[in-house]
1. Before we move on, is ASP394 exposed (fewer than 13 other Cβ atoms within 10 Å of the Cβ), acidic (Asp, Glu), touching a Lys or Arg at 6+ places or on another chain (Cβ under 9 Å) and in contact (Cβ under 8 Å) with a residue 40 or more places away in the chain?
2. Output the number of residues of the stretch 253-294 satisfying the condition of being farther than 25 Å from ILE227 by Cα, charged (D, E, K, R) and crowded, with 19+ Cβ neighbours inside 10 Å.
3. Considering each of LEU417, LEU404, LEU395 in turn, give the residue that is in the same structural domain as SER312 (by TED's automatic domain parsing), at pLDDT below 95 and either among the aliphatic types (A, V, I, L, M) or closer than 30 Å to LYS211 by Cα (or both).
4. Enumerate the helices (runs of 4 or more DSSP H) found wholly within the stretch 112-190, keeping only those where 1 or more residues are in contact with a Lys or Arg (Cβ under 8 Å, 6 or more places away or on another chain), within 23 Å of THR101 (Cα to Cα) and among the small types (Gly, Ala, Ser).
5. Can you tell me which residue among VAL362, VAL385, VAL389 is modelled with pLDDT of 95 or more, farther than 20 Å from HIS260 by Cβ and hydrophobic (A, V, I, L, M, F, W, C)?
6. Name the single residue that is surrounded by the fewest Cβ atoms within 10 Å (Cβ to Cβ) among those in the stretch 58-75 being more than 14 Å from ILE134 (Cβ to Cβ) and of a type outside the set (S, T, N, Q).
7. Can you pull out every residue in the stretch 265-282 that is among the β-branched types (Val, Ile, Thr) and touching a Ser or Thr at 6+ places or on another chain (Cβ under 6 Å)?
8. When LEU289 is evaluated against the numbered criteria (1) in the same structural domain as ASN415 (by TED's automatic domain parsing); (2) farther than 21 Å from VAL179 by Cα, which criterion, by number, is the only one it fails?
Amino acid sequence: MWMSTFARFALPALQRSTGVAARRVLGAYRAPVPPPSYLTSVQLRGQQTLSSASLPVGRHPVRQVRALNQERMVEVEWGDGGHSLYPFTWLRDNCQCPRCTHESAQARLLLLTDVDIHTGVKAVEVTNDNKVSIVWPDQHISLFDAEWLKKRCFSAAARQALREELFLNDRFFWDSSLVIPTADYQQVLEDDKAALAWLQALKRVGIVCLKGAPAEKGHVSQLGQRIGYMRMTFYGHTFQVEDKPMANNVAYTTGTLSTHTDYPALHSPPGIQFLHCIKQAVEGGESELVDGFHMAQLLQREDPEAFRTLSSLLVDFTDVGADYCEFRLQSKKRVIEVDSEGQVVKIHCNNATRDSILDLPVDQVQPFYRALRSYVDIMNRPENVVTFVMEPGDLVTFDNWRLLHGRKSYISTPNQLRHLEGAYLDWDEAMSRLRILRRKVHGDA
């Protein structure tokens, strides 16, 4: 049951692909009901967000159109009996003719200063080829394709569906029962369906482990090029996680790393992190993961005052040293960042780089510590932590805005020094590649 549930909620777009290559992409399994899914088994004990809504597919014949002059909207009645409303001003602003829109760049040429934002409509009709034609008072004519209009319907359901299509905002929340999704490294590099499945799973689950990468440096860069380009930081284009003398980062030691997000000291922390295991430790070094969004949800439920504190107070982070070049970073972040609707969108939590400077009124210091400790205690519960061992050739890709990652202490020998290579990317590049791949694989607009 849980396999088919995952296929339904986590990767609805991929269910349309039923080829042999598609079944092998992400650790193929035998689901109890068709169609086959890309993903390996992912056990989810807990909650998931709203499932994604599917945008209407196929042609949408326009039955009739009319101008509602008092409301200043065009009403479109569709062949299935549904109705959509489009404001006059929005339609004029988004005229698709060559004078108003540069087609190859898909960019607006029409200046807002040249738009009468109180415009009326002189005439509106449906053309023989199922387009909506509008004649404006200045005799300018706009033609709108029915599918273009349907996709941009202003109804709540259509807008929700479009948000999901464009941004894949639904998430699978998880705890220690998660079985990390896996994919074949070489397939992701070579097959568009495999790469699409990887990125969609990465967005929804927050982590995918690519198996079979050669245990040598350079492959995080190769994977980054599959998306576009990597994020340069003060630690270089890539960074080597090894035990180093005079380490400029606590990750470059053999000690325990508490679960954390990387780089909150940056104004905009990297959205995605790659870690490729080249050599594993003789003993120890197990990786730990926590779903920060899920833990924030639990905190809001169990300790709403702590959630309000961490989502409102600004905390100082710092990072000082020299690597690719010298750096002295300083930033202010909310530990739990929420959007205008109160949804958690980023976690900034790093015990090592949280600054001793705490720019708060003195009476807010103790409430902050109480709130942070409450959040950390929830994240440290054994039932919320996924523990696993990276094997040489494993390349873990995960959402640095959502997941907290850590490591147990380890022992290395001169003949077997633990070595991971890491790199960062941003979600802008990954989502751009995802949309391009989706169009290639499915022909989505």
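The values are calculated or read from the model by the stated rules, or taken from the named source; none is laboratory data. Because the structure is predicted, anything quoted here is derived from the model rather than measured. With ideal geometry, Cβ positions are generated from the backbone for all residues, glycine too; neighbour counts draw on all protein chains shown.
1. No: the conditions fail for ASP394.
2. Within the stretch 253-294, residues that are farther than 25 Å from ILE227 by Cα, charged (D, E, K, R) and crowded, with 19+ Cβ neighbours inside 10 Å number 1.
3. Answer to the check: LEU417.
4. Helices (runs of 4 or more DSSP H) meeting the threshold: 146-151.
5. Result: VAL362 is the single residue among VAL362, VAL385, VAL389 that is modelled with pLDDT of 95 or more, farther than 20 Å from HIS260 by Cβ and hydrophobic (A, V, I, L, M, F, W, C).
6. GLY58
7. The answer is VAL282, and nothing else.
8. (2)
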